[in-house]
Each structure stands twice: as structure tokens, then as C-alpha cells.
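Chemist: Just dropping this structure here.
The values are calculated or read from the model by the stated rules, or taken from the named source; none is laboratory data. The model shown is predicted, which means the values in this text are computed figures rather than measured ones. As a convention, Cβ positions derive from the backbone with ideal geometry for all residues, glycine included, and neighbour counts pool all protein chains shown.
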Amino acid sequence: MSQKTRQKLIIITGSPCVGKTTVTDKLFNSYENSAFFDGDWAWCVNPFSLDDPRLRNGDKTMSFALSNYLDSDFDYVFFSSVVAVDKTIRENILRGITAKDFSIIGFTLICSEDTLLERHKKRGDENKCSFFWLHLKPCQGDHVIDTDNKSVDMIVSEMKQIIDENDQ
């Protein structure tokens, strides 16, 4: 890695419809030698319930995929997931990563309830909009980015500044 001391695992979390996937995709495309894993697909089950013990298998899937990307010597591994906002679930995922010597930069994206409702409607999702994830406390150490009244480019620029500062 040129002028970097360690690989970076960048965790991006927040409520559904807050902009995680859109922001992560643009951020990922702005860094060479990077990988992007959307962890929400590892939890895509019907019906969805946090109480379903089978979802711990989704944690294992995320750990395995992130380990593979880190072991493949990508400089940046971007990981987007709703469930990574939960401290216990995040710790479980991180504990399962077998790769060594990487640093973690966490981001929690937030917005107002009005903005979330507006984005939910634009997405055309017929499910009821929930504020459950929006009101969870961000994991300690995460950089909290308020996405209200910001373009995707503005959010990405804010995040890039934090990531690039961690490269020095």
C-alpha cells in the first residue's frame, strides 16, 4: 500500500433509507484498490426479525466476506449495513473477521424523521417506514454524519476527508 500503514475497513451504517448504499457506492468508486460489501444482503430474509437466531448466520457471512476482501490486500474495504449500528451485532461481525492488521473507521449516517419519510416514499417501498434504526445510539467512536439537506457528493466529500486524515 502506497504511503498507508494499514488497510482500512470502513463501516457505514444507519437506518434504512438514510443513504448508506448510495453513499458507500460513490465513496467506494472514488478509491482505487477498494472493495464494497453490502452486508444487508446477508440479512435478506422473510420474515425479518432481529429475534430470529438464524440471523447470526448473516453475521458469519459478513465476517467471512470481509475477511476475504481484507486477505485479498485491498487498501480499502467498504462495508455498508443497517445492522452494524447495533453494538452487539457489530462486535460479533468484527470478532469473526480472521484477517489481521487493519484499522476500522466507522460512520453512522443520520437524518431527521421527515427526511427519512421523504426518502422512504421516493424509494417506493411499500413497507411501513420505521424509525427504530434511526433512533439507535451510534457505536462509540463512529463519525456521525447528518445527511439532511446534503447532496451525496457533499456527504462523500465529508467522509473522504475523515478517511484521508486517517491515512496520514
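Chemist: Could you figure out which of (1) surrounded by fewer than 18 Cβ atoms within 10 Å (Cβ to Cβ); (2) more than 30 Å from N149 (Cβ to Cβ) isn't true of I93?
Modeler: So the condition that I93 fails would be (1).
Chemist: Could you give every pair whose Cβ atoms fall below 7 Å, whose first residue belongs to the stretch 28-47 and is farther than 12 Å from V82 by Cα, and whose second residue is among the hydrophobic types (A, V, I, L, M, F, W, C) and assigned to a loop (DSSP other than H, G, I, E, B), counting only separations of at least 6 or pairs across chains?
Modeler: Within 7 Å, the pairs are N33/F74; S34/F74; A35/F74.
Chemist: Still on this structure: Does D167 qualify as being touching a residue at least 60 places away in the same chain (Cβ under 8 Å) and farther than 21 Å from D40 by Cβ? Show your work before the answer.
Modeler: Values: touching a residue at least 60 places away in the same chain (Cβ under 8 Å): yes; farther than 21 Å from D40 by Cβ: yes.
Yes: the conditions hold for D167.
Chemist: Restrict the check to the stretch 51-70 and report whether at least one residue is under 16 Å from L136 (Cα atoms) and in contact with a helix residue (DSSP H, G or I) (Cβ under 6 Å, 6 or more places away or on another chain).
Modeler: Checked against the condition, which is being under 16 Å from L136 (Cα atoms) and in contact with a helix residue (DSSP H, G or I) (Cβ under 6 Å, 6 or more places away or on another chain), the stretch 51-70 yields no hits at all.
Chemist: Give the residue, chosen from S72, S103, that is over 28 Å from D51 (Cβ atoms), surrounded by fewer than 16 Cβ atoms within 10 Å (Cβ to Cβ) and touching a Leu at 6+ places or on another chain (Cβ under 8 Å).
Modeler: So the residue among S72, S103 that is over 28 Å from D51 (Cβ atoms), surrounded by fewer than 16 Cβ atoms within 10 Å (Cβ to Cβ) and touching a Leu at 6+ places or on another chain (Cβ under 8 Å) is S103.
Chemist: What are the residues in the stretch 100-111 that are touching a helix residue (DSSP H, G or I) at 6+ places or on another chain (Cβ under 9 Å) and at pLDDT 95 or above, if any?
Modeler: Residues satisfying the conditions are F102, I104, I105, G106, F107, T108, L109, I110, C111.
Chemist: OK, next. For R54, are the conditions met, namely being surrounded by fewer than 11 Cβ atoms within 10 Å (Cβ to Cβ), modelled with pLDDT under 95 and at negative phi?
Modeler: Yes; evaluated as a whole, the condition is true for this residue.
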